[in-house]
Structures are given as structure tokens and as C-alpha cells.
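J.: Have a look at the structure that comes next, please.
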């Protein structure tokens, strides 16, 4: 496999270990909040993959597609995720969560529309919606740090 040479950029973990640790703690808190609210971990991976697709984060796409597969996610659902609105493979709850995650990711483009929030509220309780908002927010932040520092997928240097 031929990999394009990538210019070295700042190692955030090395230069700002305390901030990186805080980010990791925030991530773990969102995972815990989702678990406590009863949001399936498989749905969290779908959100992380979809947001990473939108943002073009190769590092996070690699990590979360591998995590989703390890968690038992079907290959065809992963492949169809970029076309979830047209795909028959996703439940109403998954569609509502993906719609909310996309709206949060595209917040600059009309904020989070009421109809998107209402669709999520029809499928999830407030604790679950709060967890979905946090998961979407955290993966967006991770995408931005991975992209700006040009983090490479595992096994690539």
C-alpha cells in the first residue's frame, strides 16, 4: 500500500497532556452517560463513523469502523452509513440519532432544526438525547484535533 508522506505536526498528547487527559475523561463520561441512559454502544459507533465521514477524518474512520466491527456491526450497515437516509438497514431510532448527529455536525448550516430534534425526542428520552448530543459533540472535537494534527490510522506512519 502506498501512503502519501505527511508533514509532521504537533503531538497534542505530548505537548498538552493535561488537556488530552481531560478530553479522554470527557469521552469516557459521555460513554458512561450513554450507558446509564440505555443508548446502545453500537449506536454510538454509528454516530462516530457518520460524523467522521462528514468531517473527513481518516484516523477516526479507521478507528471507529474497526471498533464497530469488533462490536459485531454488520459490514453492509457500515458501508451504507453515508447513505443512511436511503438505506433500509437502519431503524427509526438509529435514523433519528444519525439525523441529530448530522445536524450537530453541520450546526453552522441552520443550527439544529426543530424537526430534527423532534424526531430524536420521539425515539429517545431526555437523558438519551443528552448523551447523543455529547457523543456527537465529542467526536466532532476529536475529528478536529485528529485532522489538524494529521493523525494517521493505526499501523500507518
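J.: Under the 0.36 nm per residue contour assumption, what length would be gained going from the current alpha-carbon distance of residue 149 and residue 19 to full extension? Show your work: numbers first, answer last.
T.: Details: separation 130, 0.36 × 130 = 46.80 nm, distance 1.48 nm.
Contour length minus Cα-Cα distance gives 45.3 nm.
J.: Measuring from centroid to centroid over Cα atoms, what is the spacing of the stretch 58-86 and the stretch 106-157 in Å?
T.: Here the two parts' Cα centres lie 15 Å apart.
J.: Let me ask something else. Stick to the Cα atoms of the stretch 54-97, pair each with every other, and give me the Kirkwood hydrodynamic radius in Å at one decimal. Write down the numbers at each step before the final one.
T.: Working: mean 1/r = 0.0887 Å⁻¹.
For the stretch 54-97, inverting the mean 1/r across all distinct Cα pairs yields 11.3 Å.
J.: Multiply the residue gap between residue 42 and residue 95 by 0.36 nm, knock off their C-alpha separation, and tell me the result in nm, one decimal place. Each step should come with its number before you reach the end.
T.: Numbers: separation 53, 0.36 × 53 = 19.08 nm, distance 1.33 nm.
Length gained, residue 42 through residue 95: 17.8 nm.
J.: Something else now. Between residue 80 and residue 32, what is the label-to-label distance in nm when each label sits 7 Å out along the Cα-to-Cβ direction?
T.: 3.6 nm
J.: Now for a different question. How large is the convex hull of the Cα atoms of the stretch 14-72 per residue, expressed in Å³ as a whole number? Please list the in-between numbers first.
T.: Details: hull volume 5.5 nm³, N = 59.
Spelled out: Cα convex hull of the stretch 14-72, divided by residues, is 94 Å³.
J.: Still on this structure, I have one more. May I ask for the angle, rounded to the nearest 10°, between helix 92-105 and the longest principal axis of the chain, with both axes built from Cα atoms and the value confined to 0 to 90°?
T.: 50 degrees
J.: Could you work out how far helix 17-37 tilts from the main Cα principal axis of the chain, as a 0 to 90 degree angle to the nearest 10?
T.: That helix lies at roughly 20 degrees to the long axis.
J.: Testing the spin-label approximation: label points 7 Å from Cα along Cα→Cβ at residue 106 and residue 118. State their distance in nm.
T.: So the label points at residue 106 and residue 118 sit 1.9 nm apart.
J.: As a test of the formula, what do you get for the chain when each DSSP H run with n ≥ 4 contributes -39,500 (n - 2.57) and the sum is divided by the residue count, at 222 nm and rounded to the nearest 500 deg cm²/dmol?
T.: Working: 8 runs with 106 residues, N = 157.
Result for the chain: -21500 deg cm²/dmol, rounded to the nearest 500.
J.: A further question follows. Which whole-number percent gives the relative contact order of the stretch 1-156, counting Cα pairs below 8 Å spaced six or more residues apart? It would help to have the intermediate numbers written out before the result.
T.: Working: 151 pairs, mean separation 55.4, N = 156.
Across the stretch 1-156, relative contact order equals 36 percent.
J.: Here is a further query. Pairing the Cα long axis of helix 58-70 with the longest principal axis of the chain, what angle in degrees results, from 0 to 90 and rounded to the nearest 10?
T.: 60 degrees
J.: Mind jotting down a quarter of the surface of the convex hull over the alpha carbons of the chain, in square nanometres, one decimal?
T.: Values: hull surface 40.9 nm².
Spelled out: convex hull of the Cα atoms, projected over all directions, averaged, 10.2 nm².
Just so you know, all these numbers are worked out from the coordinates, no wet-lab data involved. Since we're looking at a predicted model, the values are computed, not measured. When we count neighbours, we look across all protein chains shown, and the Cβ atoms used for this are built from the backbone with ideal geometry, even at glycine.
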